[in-house]
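Right, one structure below, let's go through it.
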Amino acid sequence: MNQLRGLFMKDWTIIKGYVLVALLLDVIIPFGSAMLFQVDFFEGLLVFSGTVMALHALLPIVLLSILFTKDMDRPDIFFHSSASIHKINASKFCAAILATAISLVWVSMLTFVLLLFAPNLDESGNLLPSGATFAAGILFSSAIIAVIYYFYLTMFYSMKPKIGGFAYIVTFGLFIFGLEMWDRFIATDLYAAVTDFGVIQLNESELLTNISQGLMLSFENPPTLQIGQFLVISLLLIFLYIIAAYWFEKKVRA
């Protein structure tokens, strides 16, 4: 535990400056855009804040790239560390997800407080639960994207010593191929049979319907939470992580 705590503090020290930049952008982008564009300030603030919140799904990718790049630049430390690959990954994932959560809470609370002063905001009573649900969906999606990114990042680092810069093209091609295979799989009867259980209907909110795009939530009529889909994707992510971690340990850190 002490080793994991030490790794986390090291990683947090590396990214804390970038987190401060993200917190600053959380203020500048939505508030600046709402004032610059010819729209009602509060309506614009809601739209642009929602956009910034949605972009947080990609923030762990940026932070993980920074953390792994820093480690790969110091092979004398990284490759000879006594920490297991799982501790190293846990530290980096926790730092990236925590930073994402902090930034999401920050922009959400700023937006919520200002929107309380909006004179004609519809569905104001549902603003806080709707925003919290939206933020939770984004945070969950960011964790999923982070695991997938780590899988392809491992591919990239394993190929780069052999083919150099061409590894960027090959990795991107494999990513596109993976997306195509996933699209074909979810269109099959097998996927429908496996995921078509545990469907929970949710209470519908007009504001939530308009802004939420969480991966596991379907905001058709009525909105639903699909437990079967959640379990299938969770198992797939665990499988991808185990393969990537083993591959990273044997092929990259070897």
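The values are calculated or read from the model by the stated rules, or taken from the named source; none is laboratory data. The structure displayed is predicted, hence computed values, not measured ones. Glycine also receives a Cβ, built like all others from the backbone with ideal geometry; neighbour counts cover every protein chain displayed. Side chains included, ligands, DNA and RNA excluded: accessible areas come from the protein's heavy atoms. Shrake-Rupley method; radii C 1.70, N 1.55, O 1.52, S 1.80 Å.
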For this session: Pick out the one residue from Leu98, Leu104, Leu58 that is within 21 Å of Ile14 (Cβ to Cβ), open to solvent by less than 30 Å² (accessible area, probe 1.4 Å) and modelled with pLDDT of 80 or more.
Result: Leu104
For this session: Kindly provide the set of residues from region 156-190 that are part of a loop (DSSP other than H, G, I, E, B) and polar (S, T, N, Q), ordered by number.
Result: Thr188
Exercise. If you check every pair at least six apart or on different chains, which have Cβ atoms under 6 Å apart with a residue in region 125-141 that is farther than 13 Å from Leu46 by Cα and modelled with pLDDT of 85 or more first and a residue that is among the aliphatic types (A, V, I, L, M) and open to solvent by 20 Å² or more (accessible area, probe 1.4 Å) second?
Worked result: Leu139/Ala101; Ser141/Leu215
Problem set entry | Residue that is least open to solvent (accessible area, probe 1.4 Å) [pool: residues in region 222-245 that are at pLDDT 90 or above and of a type in the set (Phe, Trp, Tyr)] | Tyr241
Exercise. Which condition does Asp73 not pass, out of (1) surrounded by fewer than 16 Cβ atoms within 10 Å (Cβ to Cβ); (2) under 21 Å from Phe151 (Cα atoms); (3) touching a Phe, Trp or Tyr at 6+ places or on another chain (Cβ under 9 Å), if it passes all the others?
Worked result: (3)
Problem set entry | Residue, surrounded by the most Cβ atoms within 10 Å (Cβ to Cβ), within region 166-221, restricted to residues that are in contact with a strand residue (DSSP E or B) (Cβ under 8 Å, 6 or more places away or on another chain) and modelled with pLDDT under 60 | Leu217
